Amino acid sequence: MTTETSSTTTATADAAGTWPLGDRTVNRLGLGAMRLGGMPWDAPRSRDDAIAVLRRAVELGVDHIDTAAFYFTDRRSSNELISTALQPYPEHLVLSTKVGPSRSREGEFEPMARPEQLRAQVEENLRQLGVDRIDVVNLRWGTSMDKTPGSLADHLGALVELRQAGLLGGIGISNVTVEQLTEATEITPVVSVQNRYGITDRADDELVRRCGELGIAFVPFFAVATATGASPDPADNTGRREIATVAAAHDATPAQIRLAWTLHRGPHVLAIPGTGNPKHVEENIAAAGLRLSADDLAILERIASPGD
């Protein structure tokens, strides 16, 4: 499907198809909110641009926005921007968030939440977003966010109690291994897995496959990033030539090819590219309409992740 803009014809988010996310069904091309207010290495983002990104994304069919209360800068909060731009929320819009990590007012990550602290984090998201229930809450796990107190089972058990209390819908997990996914599914139905993954960052190929077998949405973050960082690194040439070759054949940008490749990994794979740039949000969503040929995919398969 396409929609007319002032100067171009832009594919809409439904062009990539849909997949269940909890008790809802969403378009596979969504929006990540982390970059709305800017990243630490960026110049401060315009508030008007961030609000324009959110409204334009919804106009173009995005019905899944991924956010977190710890997505903020000294000037901007992603949750507050979402609330300001989109309330009253469209009925079809699905909001997902993450709990576990927290940050001080200075932006430093603090120790991971204990199970009994998760309710306060969920309630913080509820207040900031202005809703009574979060559609999906993902537990951010793993070692990269400092030491995790307690067990995965205890943390998931706390989220199950909050689901029973009506504060959230589906439960997802983030930054996990295949083994931890297995453990989690023995405790509660898991509706999504969020891990870092992309064409030059493929350590989780097996996890993507396993999610597909279980019918669980796999929602990669940093899918547009290079293997060396959350922002494309000019010094990182991994896959640059192959991606540029395919991009030229489709009159597309390298970022669009990275997103199209991600969506080709399986019908259960969702994409949540983030931006604070109104032009980039249209480009990202247009990637939903890209169809890579067998030859394209063969070229891109030549790219090896570091360490392969």
Original post:
Does any residue of the range 36-43 turn out to be aliphatic (A, V, I, L, M), within 18 Å of the chain's Cα centre (by Cα) and under 18 Å from Val131 (Cβ atoms)?
Top reply: yes
Original post:
What do you reckon, is Arg258 closer than 22 Å to Leu60 by Cα, assigned to a loop (DSSP other than H, G, I, E, B) and modelled with pLDDT of 95 or more?
Top reply: no
**OP:** Collect the residues in the range 264-308 that are outside any helix (DSSP H, G or I), touching an Asp or Glu at 6+ places or on another chain (Cβ under 7 Å) and either at pLDDT below 95 or not β-branched (Val, Ile, Thr) (or both), keeping them in residue-number order.
**Re:** Gly276, Asn277, Arg302, Ile303, Ser305
Original post:
Which pairs have Cβ atoms under 7 Å, sit 6 or more apart or on different chains, and link a residue in the range 239-267 that is within 14 Å of Arg302 (Cβ to Cβ) and touching a residue at least 12 places away in the same chain (Cβ under 8 Å) to one that is basic (Lys, Arg) and surrounded by 15 or more Cβ atoms within 10 Å (Cβ to Cβ)?
Top reply: Ile243/Arg258
**OP:** Return a yes/no flag: does the range 171-178 have any residue that is modelled with pLDDT of 95 or more, more than 25 Å from Ser78 (Cα to Cα) and either buried (at least 19 other Cβ atoms within 10 Å of the Cβ) or of a type outside the set (S, T, N, Q) (or both).
**Re:** yes
Subject >> Tabulated pairs, the range 90-106, first more than 22 Å from Ile171 (Cβ to Cβ), second charged (D, E, K, R), C-beta under 8 angstrom, 6+ apart or interchain >> reply: Pro90/Asp63; Arg103/Glu110; Ser104/Glu110
Original post:
Given the conditions (1) more than 26 Å from Val160 (Cα to Cα); (2) in a loop (DSSP other than H, G, I, E, B), which single one is not true for Thr10?
Top reply: (2)
Subject >> Some residue of the range 186-209 being part of a helix (DSSP H, G or I), among the small types (Gly, Ala, Ser) and either surrounded by fewer than 23 Cβ atoms within 10 Å (Cβ to Cβ) or in contact (Cβ under 8 Å) with a residue 24 or more places away in the chain (or both) >> reply: no
Subject >> Output for the range 177-211, where each listed residue is of a type in the set (S, T, N, Q) and within 17 Å of Thr238 (Cβ to Cβ) >> reply: Thr200
Subject >> Filter result for the condition that a residue is among the charged types (D, E, K, R) and either within 16 Å of Gly198 (Cα to Cα) or in contact with a Pro (Cβ under 7 Å, 6 or more places away or on another chain) (or both), over Arg240, Arg291 >> reply: Arg240
Subject >> Criterion: out of contact with any strand residue (DSSP E or B) (no Cβ under 6 Å at 6 or more places or on another chain) and either free of Cβ contacts under 8 Å to residues at least 40 places away in the same chain or crowded, with 16+ Cβ neighbours inside 10 Å (or both) - qualifying residue of Gly38, Gly32 >> reply: Gly38
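The values are calculated or read from the model by the stated rules, or taken from the named source; none is laboratory data. Every value quoted in this text rests on a predicted model; they were computed, and no experiment measured them. Positions of Cβ are backbone-derived with ideal geometry, glycine not excepted, and every protein chain shown enters the neighbour counts.
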